[in-house]
Amino acid sequence: MSCIMIINGPNLNLLGKREPEIYGTTTLAEIQDSCQKLADERGVELEFLQSNHEGAIIDWIHEARERCDAILINPGAFTHTSVAIRDALSAFNGPKVECHLSNVHTREEFRHHSYISPVVNSIIIGAGWRGYPMGLNYLIDSLADKK
């Protein structure tokens, strides 16, 4: 059974409460439930994680090298600042998706640059919570194509 790690960065634990006009009212727990249901239907194992700490995210990416086949990551604000997360993702050989709830290109200028985008296979931006199952389906299909 394939394993997909979903990693959520800083402040995503506040989904549904923080700036709902930008991020919506769906909570991270609801996104996790939606992804778990899809993973169960499609026959993959899912690890769903969130941290406000850059080092924890890097450690999870390193751990994924040993036990997971793909990564979906919403790095939050680390998208625009973390070369370290980018480098960790570069060292992961499976398919990777970068996911953002809001359309970062319609927001502040500093959000327009991603250190993550050059090292992932696909980017989903502005689809709200629906970006997670979209990315998960992409990864499951990509893993199936490899077999």
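The values are calculated or read from the model by the stated rules, or taken from the named source; none is laboratory data. Please read these numbers as outputs of a predicted model, since none were measured by experiment. Cβ sites come from the backbone with ideal geometry, for glycine too, and all protein chains shown count toward neighbours.
The table that follows gives values for the structure above.
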quantity	calculated
Residues being without any contact (Cβ under 8 Å) to a residue 12 or more places away in the chain and among the aliphatic types (A, V, I, L, M) - total across the stretch 15-32	1
Enumeration of residues in the stretch 64-89 that are over 12 Å from TYR115 (Cα atoms) and free of Cβ contacts under 8 Å to residues at least 24 places away in the same chain	GLU66
Flag if PHE78 is within 20 Å of ILE123 (Cβ to Cβ) and touching a Cys at 6+ places or on another chain (Cβ under 9 Å)	no
Residue that is farthest from ASN74 (Cα to Cα), among those in the stretch 86-125 that are modelled with pLDDT of 95 or more, surrounded by fewer than 18 Cβ atoms within 10 Å (Cβ to Cβ) and not hydrophobic (A, V, I, L, M, F, W, C)	ASN93
Tally, over the stretch 29-46, of residues that are closer than 10 Å to PRO133 by Cβ and in contact with a strand residue (DSSP E or B) (Cβ under 9 Å, 6 or more places away or on another chain)	4
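For (1) at pLDDT 95 or above; (2) out of contact with any helix residue (DSSP H, G or I) (no Cβ under 8 Å at 6 or more places or on another chain); (3) of a type in the set (Phe, Trp, Tyr); (4) surrounded by fewer than 19 Cβ atoms within 10 Å (Cβ to Cβ), each residue gets a yes or a no:
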{"residue": "THR27", "(1), (2), (3), (4)": "yes, yes, no, yes"}
{"residue": "GLU30", "(1), (2), (3), (4)": "yes, no, no, yes"}
{"residue": "SER34", "(1), (2), (3), (4)": "yes, no, no, yes"}
{"residue": "GLY43", "(1), (2), (3), (4)": "yes, yes, no, yes"}
{"residue": "LEU46", "(1), (2), (3), (4)": "yes, no, no, no"}
{"residue": "GLN50", "(1), (2), (3), (4)": "yes, no, no, no"}
{"residue": "GLU63", "(1), (2), (3), (4)": "yes, yes, no, yes"}
{"residue": "GLU66", "(1), (2), (3), (4)": "yes, yes, no, yes"}
{"residue": "ALA84", "(1), (2), (3), (4)": "yes, no, no, yes"}
